[in-house]
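The values are calculated or read from the model by the stated rules, or taken from the named source; none is laboratory data. These numbers come from a predicted model, not from an experiment. So basically every Cβ, Gly included, is an ideal-geometry build from the backbone, and we count neighbours across all protein chains shown.
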Amino acid sequence: MPLNPILAAVLAQRTEVSAPPMHEGSPEAARTMYRAMNAGYTREAVTRVRDEDADGVPVRVYHPNPGVVLPALVYFHGGGWVIGDLETHDHICRKLANAVPCVVIAVDYRLAPEHPFPTPLDDCYTALNWVTKKATQLGIIPGKIAVGGDSAGGNLSAAISLKARDENGPAICHQLLMYPVTDASFDTPSYADNAEGYLLTIDGMKWFWHHYIGDEVDPAQAYVSPLRASNLSNLPPTTVITAEFDPLRDEGESFAKLLAQAGTSVSMRRYDGMVHGFFAMADLLEAAQEVFEFSAYQLAASFKTA
């Protein structure tokens, strides 16, 4: 399928601006650019939104109906572990909270390279434990807690599910993986086909990975590259979303297949004509709105059976 015409126009406009690629600048400059890229999206009203401290990790709690106890989604933002924060993904979390409906807890984990692996993962795990411990006070139904995220946030979600299983940690009823990073290698056909020109590039991903794990961490270990985990059994039901014109497409789809082979219930859907990051573009793209509806349906179904 050809590239979506709206996305083609967006990409052409970015090319005309001729700004240097994100990976050629500093992490702080990239963070500023990313905040600006996400500043203009519609932010739905949510009945109660407040910032909390999750045992030292900043989080933002979105409750669409404070008078009702609801399931919860602990959300880890994308941005290659280097960029992104509570503000860049505020519109996504608001929309998910209303669509499911559920309580969404957005986690403001510390970023690389100042805080490389495993610090972002540890922050996310601390936040998940806090949500589980404080469920009643937060208006959450205990036992109905999911994790999810986009891109690097999908990587953190998958790693958290593995960690929780390995350490007999909090029960997770679902994982929502939006075009997740699952492998620290760059040798798939989707990397070859989409290395340049579709927002996320191979050079950009190498930059992100370098800041996250440096040269000392084994890139094949399970909490870094979940696709390489030797044991993918006994994990939560999973939804995996991929985009056709995304370097990460193949590793996300391979992860979904391996999960299914290990006995996990998996729903995998590829969105043709889309690029990495399209989930954030519901203001522009009908497909992004469809993803929200599909994700909300998947989460609600898992919450119902948890």
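The figures follow:
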| quantity | calculated |
| --- | --- |
| Selection count where residues are in contact with a strand residue (DSSP E or B) (Cβ under 7 Å, 6 or more places away or on another chain) and among the β-branched types (Val, Ile, Thr), scope the range 18-56 | 3 |
| Breaking point among (1) surrounded by fewer than 16 Cβ atoms within 10 Å (Cβ to Cβ); (2) assigned to a helix (DSSP H, G or I); (3) at pLDDT 95 or above, for GLN13 | (3) |
| Which listed residue, of VAL46, VAL61, is within 12 Å of ASN98 (Cα to Cα), buried (at least 16 other Cβ atoms within 10 Å of the Cβ) and at pLDDT 95 or above | VAL46 |
| Among the candidates ALA146, ALA164, residue that is assigned to a helix (DSSP H, G or I), under 20 Å from THR238 (Cα atoms) and either of a type in the set (Gly, Ala, Ser) or in contact (Cβ under 8 Å) with a residue 60 or more places away in the chain (or both) | ALA164 |
| Qualifying residue in the range 228-241 (condition: of a type in the set (Gly, Ala, Ser), over 19 Å from PHE76 (Cα atoms) and touching a strand residue (DSSP E or B) at 6+ places or on another chain (Cβ under 9 Å)) | no |
| Among the residues listed as ASP215, ASP203, the single one being among the acidic types (Asp, Glu), outside any loop (DSSP other than H, G, I, E, B) and out of contact with any Pro (no Cβ under 6 Å at 6 or more places or on another chain) | ASP203 |
| Selected residue (criterion: surrounded by the most Cβ atoms within 10 Å (Cβ to Cβ)) from residues of the range 225-234 that are in contact with a helix residue (DSSP H, G or I) (Cβ under 8 Å, 6 or more places away or on another chain) and under 19 Å from GLU253 (Cβ atoms) | PRO226 |
| Test: residue in the range 170-188 that is closer than 15 Å to VAL224 by Cα, among the hydroxyl-bearing types (Ser, Thr, Tyr), surrounded by 24 or more Cβ atoms within 10 Å (Cβ to Cβ) and in contact (Cβ under 8 Å) with a residue 24 or more places away in the chain | yes |
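Matching residues to (1) over 16 Å from the mean Cα position of the chain (by Cα); (2) free of Cβ contacts under 8 Å to residues at least 24 places away in the same chain:
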residue	(1), (2)
PHE208	no, no
GLY214	yes, no
PRO247	no, no
ASP250	yes, no
ALA260	yes, yes
VAL266	yes, no
ARG270	no, no
PHE294	no, no
LYS304	yes, yes
